[in-house]
Amino acid sequence: MQHALNSRILIEQAKGVISESGEMTMDEAFATLRKCSRNNNLSLTKVATAVIDRTLGLGTLVPLKGIAGA
């Protein structure tokens with residue numbers, strides 16, 4: 001249960017980063033995270049972590065340094 005809570009916190013933080021930097025709503029930010037996750041066959045938590053760590057470009061959501069574990 002703690003893992004699920006930690007994942008949710010990461011996802012919420014990433015939504016905030018995307019929303020602020022990308023000038024989009026929180027719903028649009030989540031849709032962007034989800035699309036990137038699905039398109040790259042990565043977990044939502046991995047994508048969220050990459051956004052928070054700034055290893056994923058926010059403008060285009062293209063990996064800048066690569067995503068660990070990808």
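Summing Lys and Arg as +1 and Asp and Glu as -1 over all other residues whose Cβ lies under 13 Å from the Cβ of Asn40 gives a net charge of +4. When Glu23, Glu12 are sorted by how many other C-beta atoms sit within 10 angstrom of their C-beta, beginning with the fewest, the order is Glu23, Glu12. Anisotropy class assigned to region 2-52 is oblate, per the alpha carbon gyration tensor with a/c at or over the 1.5 cut-off and a/b no larger than b/c. Around Ser19, what is the net charge, scoring Lys/Arg as +1 and Asp/Glu as -1 over all other residues with Cβ under 10 Å from its Cβ? Neighbour charge sum, excluding Ser19 itself: -3.
Taken together, the values in this text are just the output of simple stated rules run on the coordinates, not laboratory data. Note that this is a predicted model, so its numbers are computed, not measured. Because the Cβ atoms are built from the backbone with ideal geometry, glycine has one as well, and the counts that use them run over all protein chains shown.
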